[in-house]
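For reference, the structure is listed below as structure tokens.
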There are 2 protein chains.
Amino acid sequence: MTNERLIYLPLGGAGEIGMNCYVYGYGRPGKERLIVVDLGVTFPDMETTPGVDLILPDVTWLAERADRIEAIFITHAHEDHVGALGHLWPRLRAPIHTRRFTGRIASLKFEEHGHPRDVINIVGARPDTVEAGPFKVQFVPVSHSIPESSALIIDTPAGRIFHSGDFKLDHNPVVGEPFNPEEAARIGAEGVKVLLCDSTNVFSLHPGRSESSLPEALTELVAGARGMVVATTFASNVARLQTLADAAVANGRSVCLLGRAMKRMVTAAVETGVLTNFPSTVSPEEAAQIPRENLMLIVTGSQGERRAASAQLSRGKYLGLSLKEGDLFLFSSKTIPGNESGVIRIMNAFSEMGVDVVDDTGGKYHVSGHANRPDLERIHELIRPQILLPMHGEHRHLREHVKLAMTRGITSQIVSNGMMVDLTGDAPKVVEHIETGRIYLDGSVQVGALDGVIRDRLRLAMNGHVMITLIVDEDDEILGEPWAETLGLAETGRTGAPLTETLETELNSFLVRADDRVIADDDKLDDAIRRIVRQVCMEEIGKKPEVSVVVSRLMD
Amino acid sequence: MTNERLIYLPLGGAGEIGMNCYVYGYGRPGKERLIVVDLGVTFPDMETTPGVDLILPDVTWLAERADRIEAIFITHAHEDHVGALGHLWPRLRAPIHTRRFTGRIASLKFEEHGHPRDVINIVGARPDTVEAGPFKVQFVPVSHSIPESSALIIDTPAGRIFHSGDFKLDHNPVVGEPFNPEEAARIGAEGVKVLLCDSTNVFSLHPGRSESSLPEALTELVAGARGMVVATTFASNVARLQTLADAAVANGRSVCLLGRAMKRMVTAAVETGVLTNFPSTVSPEEAAQIPRENLMLIVTGSQGERRAASAQLSRGKYLGLSLKEGDLFLFSSKTIPGNESGVIRIMNAFSEMGVDVVDDTGGKYHVSGHANRPDLERIHELIRPQILLPMHGEHRHLREHVKLAMTRGITSQIVSNGMMVDLTGDAPKVVEHIETGRIYLDGSVQVGALDGVIRDRLRLAMNGHVMITLIVDEDDEILGEPWAETLGLAETGRTGAPLTETLETELNSFLVRADDRVIADDDKLDDAIRRIVRQVCMEEIGKKPEVSVVVSRLMD
């Protein structure tokens, strides 16, 4: 019994914002029974992962120990917490526990993937308790930017863990449960050994603002609008949808939802009883018949996503609706770093139409879903943990959060993806480094981040591609002449001649002079051709392209 | 005489931040004598222009009228104003006029390109005047974030133009000339017909802050540092380099400059007499011998550029210098939208080394070089133009600036790239739309933005590449079997077999069944192969790749 231990192992989310996946274990070393908290994704970009559809945490370590997994807990329905569930569950196959709204979203994913939905168990808030091997787990309602977000109380033989999930301190979140400081203090008073804590906003110095600070400004903004009002926010921010819809109704406007995610979220929220007062909405066809001063569209695409409703509207007519001079477009959202270009592209497109674009520059039309620095300090005080381990942050956020905890005398250290720590004693102890990483969902297959597939795509994008084909006959003689094709390269070079012709001429003059032993040897021939291609391209266009060489050898 | 006219035509910078190039003309329609103000570049990104080195304005319209160009004026030495001069001058071949510091930077570019440096004329500040055909042009010192930035007074037979250049209202800019409200009022009182005005910060609601507001906070920050201090900012922000170096010296630290641009700018500033009190610096070799608490590095790479000194240091040792726990890294800069990912990557790399990273989140360590909204209003008041045309901004900035001017009763309208307006009358009148656009410098050649070269690269990056080669003999029979290669695609598909094998098998089974007329017809064969490749890839990996087909036909 004495050599049983409590371990913590982040596989995603500790060293990045996104792709959350945290593992806890209890038992004899190497035999611990495990639980998983969250299975999220992160999103690709052109700069590092062109063409990739989704990025998943590498759960190989977990999959190899699937028989030891007691349960999977999902804290809330944001994609960075639940998005990988459908993709990875078949490798883990443990029962899933979550609250009602999150469960509904998870079920929709399971349906798409054809997984059995009955492994998803709906759990009520504390004091309801899930027993999972040595763990007793309770869902503690917290305020965030999606309904029924939860922290987890994880009671273990080695003490209590408070896993914060994503949270903010909102006393009046419009939809869902407010922050309850008495409850938090009570949990703290019962004794918390380790606080695993959201770190996203540790650099935001002012106390976070409540969702309920928005309705007044939003209603005023809509009241002042002459034409159609179009607002975008994250579809999952159901409270914001309510706030926006209320502002519309208060100004005699009908509400129309655009975008698949928007409708899915509102439906899920209504069906699970989270949303009880949402006004009735009109379809796009109906909306097109309503005078624009009596209409508000609430649309997807707050991050500038090219296929979402915002971008579609910025390019012209979408589902029979279009914006024009005198209309108002509101970003009731924050632009996530990396998405600026897409958002700015949309803003300028609307500007060209004469549409007034309003964003959150003045801080009046959006509030964050995460605890800011003073809010984190408040939680530290209420929960009073012996140990604080920051999570949900890039390295710089984790580091700052550790510093913050230590100034308050709390034992703290950075535990990033792949570090397994023993939490049995008074201080965390690193016991192992697990190989972790990222898996790319690319089309319908999964490729490893280090497989070289995406590296090749980036090289093609940077350098362009030259393809050389060549036929060698049975006597190791070149048949005809080499053939060059290019893709993604200037057609003509410095000399003014077509690049492919220059390449073919140079290769031909090499081949007629080349030693028979070079022609006969695949590797030598390949090397020589590549060298010539790169050299010609460097001289002609100042670039070193990717080169593919196909030598077809005719057989007797 | 009565049918002479004054025209304005932006070829870059009006509809984007970057690539500034503005044309003015005076004379009979179609015979106007022309002057060009600024010839700048903008920068590529992975999302839209992978592999591209620089983006230049398309000056075809100007080049076709080179005999009508009287002169080129450069307002200041930022790359978005002078960066295209070396690349485009050979097509324009007009004399260049600029102040001393800008001229030095321009000369360095001409030297690299092998252009004659004697076409660059150095002009003093107002009242010095350049006569260029019907234009009389004076350089008016303005404060900005680079030395000797200037507005231009352009006197024409149809009235005075005040071309603001990039500016802010700084009464104490540390280096260079302060903002002089009396001078601005005097120019206004002399009568200004058209104000062409910087629009970059029109959405910034607070008055801009002076460079001189920084030394105190910076000195305090450096005083509190235990280890080495490394600061990054734009190399061209010579005043900031002075402020940073002063903070170092005040704390007994030696200064070492890292990065080519850093040394080039300081040298140019010293040689042209702009910088008179810069402390002596130490070389990287000397710096490596100095105790870290007595050292400050001032380095390039504030925008996260992968090859600049900041990024190099974030990856480890650079020129014998490296950062470690207890050092401080300061971004004395703002991250330009689109550059966030690169900057954040560096921040996290330093965080992993235990380095404290400080940025401008609190607004203490950086000030902007552009006039904010209240400053713009001040300039409108002082210059009192009859017409205001906003420039140097995306469409949304231009639109907002027009609105701002109109609330003050100033005639204003959006004139974006390619719109030629007649300014002879009381209000601007659009007289022509010129085809404009972007030219990509790609390696050593220029390719048009619409040539399809970059579109192909983006497709390769998104979709990967399949290459099929096939030999058809003299009798239109397939010789051997088709050969498939892939680049940037998963090696194996759903079936578990190598993708290239599946492709070859499917192509082969098509070819043995195929109609002779298909085999004999290049286009039909090509189409059929592409269709099969896309279909197989869709089934196997859920992607539709780019496909290249090379059919070699043996001749008798």
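Stretching A:Asp67 away from A:Leu554 to a fully extended chain increases their span by 169.9 nm, per 0.36 nm per residue minus the current alpha-carbon distance.
Placing a pseudo-label 7 Å from each Cα along the Cα-to-Cβ vector at B:Arg494 and B:Arg517 gives an inter-label distance of 3.4 nm. Of all DSSP-defined beta bridges confined to chain B, some 50% are antiparallel rather than parallel. The dipole here belongs to the stretch A:353-476: it is taken about the Cα centre, uses +1 on the Cβ of Lys and Arg and -1 on the Cβ of Asp and Glu, and is about 1120 debye.
How tilted is helix A:340-353 with respect to the longest principal axis of chain A? Cα atoms for both, answer in degrees (0 to 90, nearest 10). Around 90 degrees separate the two axes.
Placing a label point 7 Å from the Cα of A:Thr411 along the Cα-to-Cβ direction, the residues of the stretch A:133-168 with a backbone N closer than 15 Å are A:158-162.
A point 7 Å from Cα along Cα→Cβ stands in for B:Arg531, and the other copies hold the same point at 4.5 nm, listed in rising order. Taking a ≥ b ≥ c as the square roots of the eigenvalues of the Cα gyration tensor, an a/c ratio of 1.5 or more together with a/b no larger than b/c marks chain B as oblate.
Only DSSP H runs of four or more residues enter the estimate; each adds -39500 (n - 2.57), and after division by the residues of the protein assembly as shown the mean residue ellipticity at 222 nm equals -9000 deg cm²/dmol.
Can you give the FRET efficiency to the nearest 0.05 for B:Glu190 and B:Glu381, using r as the Cβ-Cβ distance and R₀ = 22 Å?
Working: r = 15 Å, r/R0 = 0.70.
It comes to 0.90.
Placing a pseudo-label 7 Å from each Cα along the Cα-to-Cβ vector at A:Glu111 and B:Glu325 gives an inter-label distance of 5.3 nm. For the Cα atoms of chain B, what angle does the longest principal axis make with the long axis of helix B:499-513, in degrees from 0 to 90, nearest 10? Between helix and principal axis, roughly 50 degrees.
If R0 is 41 Å, what FRET efficiency do you get for A:Arg28 and A:Val119 from their C-beta distance, rounded to 0.05? Intermediate results must be reported in sequence, preceding the final value.
Details: r = 27 Å, r/R0 = 0.67.
Once the sixth-power term is evaluated, E becomes 0.90.
Taking 19 Å as the straight-line reach from the Cα of A:Lys109, the lysines in range (excluding those fewer than 8 positions away in the same chain) are A:Lys263. For the stretch A:133-162 and the stretch A:163-226, write down the distance between their C-alpha centroids in whole Å. What the calculation gives is 17 Å, centre to centre.
Please give me the summed charge of the neighbours of B:Asp426: other residues whose Cβ is under 14 Å from its Cβ, Lys and Arg +1, Asp and Glu -1. Neighbour charge sum, excluding B:Asp426 itself: +2.
Restricting to the protein assembly as shown, compute how many DSSP beta bridges are antiparallel as a %, nearest 5. So the antiparallel bridges amount to about 50 percent of the total.
Between this copy and the others, label points of B:Glu64 are 6.7 nm apart in ascending order, each placed 7 angstrom from Cα in the Cβ direction. In the stretch B:393-427, burial by the other protein chains removes 10 Å² or more of 1.4 Å probe accessible surface, compared with the chain on its own, from B:Glu394, B:His395, B:Arg396, B:Arg399, B:Lys403.
Placing a label point 7 Å from the Cα of B:Glu377 along the Cα-to-Cβ direction, the distances to the matching points in the other copies come to 3.5 nm, shortest first.
Entry note: the stretch B:464-553 has Rg to Rh equal to 0.96, where both radii use alpha-carbon atoms and Rh is the Kirkwood radius.
To the nearest 20 debye, what charge dipole does the protein assembly as shown have about its Cα centre, counting +1 at the Cβ of each Lys and Arg and -1 at the Cβ of each Asp and Glu? All intermediate terms of the calculation are to be shown ahead of the outcome.
Numbers: 114 positive and 154 negative charges, 909 e Å.
About 4360 debye.
For A:Ser212 and A:Lys524, calculate 0.36 nm times their separation in residues minus their Cα-Cα distance, and state this gained length in nm to one decimal. Don't skip to the answer; put the middle values down first.
Numbers: separation 312, 0.36 × 312 = 112.32 nm, distance 7.13 nm.
Stretched fully, the A:Ser212-A:Lys524 segment lengthens by 105.2 nm.
In chain B, Cα pairs under 8 Å separated by at least six residues give a relative contact order of 15 percent. Dividing the mean sequence gap of close Cα pairs (under 8 Å, 6+ apart) by how many residues the stretch A:320-396 holds gives a relative contact order of 34 percent. To the nearest ten degrees, helix A:395-407 and the longest principal axis of the Cα atoms of chain A are 30 degrees apart.
Treating the beta-carbon of each Lys and Arg as +1 and of each Asp and Glu as -1, no other charges, what is the dipole magnitude of chain B about its Cα centre, to the nearest 20 debye?
On the way: 57 positive and 77 negative charges, 501 e Å.
Magnitude of the dipole: close to 2400 debye.
Seen from B:Ala225, the other residues with C-beta closer than 12 Å to its C-beta sum to a net charge of -1, counting Lys and Arg as +1 and Asp and Glu as -1. Residue-normalised convex hull volume from the C-alpha trace of the protein assembly as shown: 209 Å³ per residue. Calculated accessible area for chain A comes out at 40 Å² per residue, all protein chains present (probe 1.4 Å; ligands, DNA, RNA ignored).
In Å², nearest 100, what accessible area do chains A and B bury in total when the solvent probe is 1.4 Å? Write down the numbers at each step before the final one.
On the way: alone 24640 and 24660 Å², together 44120 Å².
The contact between B and A buries close to 5200 Å².
Beta bridges assigned by DSSP with both partners in the stretch B:464-553 are antiparallel in approximately 50 percent of cases. If you take all other residues with their beta carbon under 10 Å from the beta carbon of A:Asp515, and give Lys and Arg +1 and Asp and Glu -1, the sum is +1. Once you reduce the stretch A:372-410 and the stretch A:477-531 to the center of their Cα atoms, the two points are 61 Å from each other.
Give me the tail of P(r) for the stretch B:1-120 as a percent: Cα-Cα pairs with distance above 24 Å.
Numbers: 1914 of 7140 pairs.
So the portion of pairs separated by more than 24 Å is 27 percent.
With all protein chains in place and a 1.4 Å probe, the accessible surface of chain B carries 47 percent carbon and sulfur. The three principal axes of the C-alpha atoms in the stretch A:215-358 carry coordinate ranges of 40, 33, 30 Å, sorted with the longest axis first.
The values are calculated or read from the model by the stated rules, or taken from the named source; none is laboratory data. What you see is a predicted model, and the numbers here were worked out from it, not measured in a lab. So basically every Cβ, Gly included, is an ideal-geometry build from the backbone, and we count neighbours across all protein chains shown. Please note that ligands, DNA and RNA were not included when accessible areas were found on the heavy atoms of the full protein model with its side chains. Shrake-Rupley method; radii C 1.70, N 1.55, O 1.52, S 1.80 Å.
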